[in-house]
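Worksheet: the structure to be examined is printed underneath.
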There are 2 protein chains.
Amino acid sequence: MAKKSFPLSRVYGLIEPGPVVLVTTVRKGRANVMTMSWHTMMEFEPPLEGCVISNRNHSYDALKATKECVINIPTLELAPQVVGCGNTSGRTLDKFRAFGLTPAPASRVKAPLIDECYAALECKVVDTKLVSKYCFFILEVLKAWVDTTKKNPKTMHHLGRGSFMVAGRTIKLPSRVK
Amino acid sequence: MAKKSFPLSRVYGLIEPGPVVLVTTVRKGRANVMTMSWHTMMEFEPPLEGCVISNRNHSYDALKATKECVINIPTLELAPQVVGCGNTSGRTLDKFRAFGLTPAPASRVKAPLIDECYAALECKVVDTKLVSKYCFFILEVLKAWVDTTKKNPKTMHHLGRGSFMVAGRTIKLPSRVK
């Protein structure tokens with residue numbers, strides 16, 4: 001997918017609507033990917049994103065050890081991969097191979113971008129104060145990539161128990177909020 | 001709106017898709033409401049929700065002092081109110097009156113429910129460790145209310161600069177994730 005560099009000051013617009021994301025990590029030469037929905041913006045610029053990655057997830061150890069990941073944002077075409085990565089563990093499966101995801105080199109971190117995702121945020125962990133109690137990591141986005149040809153991307157939004165809301169139409173309102 | 005009590009174990013399904021919410025507080029007998037998008041689930045049960053409420057917002061002082069709020073989830077019909085509450089400050093305006101929002105008594109906290117919203121979560125602040133650095137509050141949901149007659153609620157999802165994504169269709173996938 002033809003992603004272009006995207007201004008860090010506009011990253012919040014990708015995260016605020018609450019899309020399901022695919023988080024990639026790499027450790028000891030082995031890349032992994034997990035499906036994640038518990039995340040929020042915390043600062044505009046440099047963009048900070050807080051997220052919960054459970055210590056039951058294989059990615060927890062990699063993120064804790066390497067302090068790097070990529071937040072990839074998939075659209076509806078990747079629904080089977082989103083569900084597949086959520087149903088399985090990197091402990092026993094090479095998910096890139098199993099689900100036909102293409103790792104692509106990132107510019108600032110060792111974890112890979114997922115080529116099929118329409119946006120990707122290269123991140124480093126900058127605060128671990130709430131990791132032991134809540135598995136809550138605070139990430140700084142170092143570099144952002146977006147396929148800007150994709151208007152109104154059909155992001156997926158987790159409702160639980162197999163249900164997902166698919167992004168609907170975009171409306172413009174007289175909001176003066178950033 | 002006819003809201004019913006809703007199981008705490010299912011609150012995550014309301015928050016994960018990333019809706020814009022209206023946060024109510026009350027301090028010294030004066031209720032206020034703000035529009036907010038920076039929030040995430042942090043635990044299933046009891047449900048914990050983390051959120052950023054900037055110290056530039058009037059609600060910050062009320063939340064810090066009273067340690068209580070209600071997270072109300074609006075749908076598209078309330079778009080003018082969502083934008084209005086985002087564009088103004090409770091320092092100088094009674095937003096309930098200005099935007100025709102109806103406060104209704106909560107059961108566990110003093111902050112009011114907004115009658116026009118389809119769902120409401122009564123919350124208390126349980127962790128303030130990241131408040132001074134990030135204005136990040138961790139809330140425990142004490143009681144949840146949802147109008148369950150509202151199928152596929154048209155929640156609003158902030159994209160920034162006046163744009164909002166409106167919740168689209170719901171799909172069912174073979175996910176085994178909670």
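Would the range A:147-158 turn up any residue that is assigned to a strand (DSSP E or B), open to solvent by 20 Å² or more (accessible area, probe 1.4 Å) and not hydroxyl-bearing (Ser, Thr, Tyr)?
Restricting attention to the range A:147-158, the residues satisfying the condition of being assigned to a strand (DSSP E or B) are A:155-158.
Right, trim to open to solvent by 20 Å² or more (accessible area, probe 1.4 Å) and you get none.
Looking through the range A:147-158, none of the residues is assigned to a strand (DSSP E or B), open to solvent by 20 Å² or more (accessible area, probe 1.4 Å) and not hydroxyl-bearing (Ser, Thr, Tyr).
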For A:VAL26, all conditions in the list (1) outside any loop (DSSP other than H, G, I, E, B); (2) crowded, with 21+ Cβ neighbours inside 10 Å; (3) among the aliphatic types (A, V, I, L, M) hold save one; what is the number of the exception? (2)
For the structure I just gave you, tell me whether B:TYR12 is away from chain A (no Cβ under 11 Å), aromatic (Phe, Trp, Tyr) and at negative phi. no
Consider only pairs whose beta carbons are under 6 Å apart and that are at least six residues apart or on different chains; among these, list those whose first residue lies in the range B:105-131 and is away from every other protein chain (no Cβ under 14 Å) and over 20 Å from B:PRO153 (Cα atoms) and whose second residue is open to solvent by 20 Å² or more (accessible area, probe 1.4 Å) and assigned to a loop (DSSP other than H, G, I, E, B). B:LYS124/B:LYS67; B:VAL125/B:LYS67
Regarding B:VAL141, is this residue within 28 Å of B:ARG30 (Cα to Cα), within 17 Å of the chain's Cα centre (by Cα) and assigned to a strand (DSSP E or B)? yes
So which residues in the range B:32-52 are more than 10 Å from chain A (Cβ to nearest Cβ) and touching a Ser or Thr at 6+ places or on another chain (Cβ under 6 Å)? B:ASN32, B:VAL33, B:MET34, B:GLU45
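Would the range B:95-103 turn up any residue that is closer than 21 Å to B:VAL52 by Cα, in contact with a Phe, Trp or Tyr (Cβ under 8 Å, 6 or more places away or on another chain) and either touching a residue at least 60 places away in the same chain (Cβ under 8 Å) or of a type in the set (Lys, Arg) (or both)?
No; the residues of the range B:95-103 include none that is closer than 21 Å to B:VAL52 by Cα, in contact with a Phe, Trp or Tyr (Cβ under 8 Å, 6 or more places away or on another chain) and either touching a residue at least 60 places away in the same chain (Cβ under 8 Å) or of a type in the set (Lys, Arg) (or both).
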Within the range A:132-178, track down each residue that is facing chain B (nearest Cβ under 7 Å), in contact (Cβ under 8 Å) with a residue 12 or more places away in the chain and among the β-branched types (Val, Ile, Thr). A:VAL166, A:THR170
How many residues does the range B:9-23 hold that are part of a strand (DSSP E or B) and surrounded by fewer than 24 Cβ atoms within 10 Å (Cβ to Cβ)? 0
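The values are calculated or read from the model by the stated rules, or taken from the named source; none is laboratory data. If you're wondering where the values come from, they're calculated on a predicted model, not measured in any experiment. All Cβ positions, glycine included, derive from the backbone under ideal geometry; neighbour counts span all protein chains shown. Just so you know, the surface numbers come from the protein's heavy atoms only, side chains and all, with ligands and any DNA or RNA stripped out. Shrake-Rupley method; radii C 1.70, N 1.55, O 1.52, S 1.80 Å.
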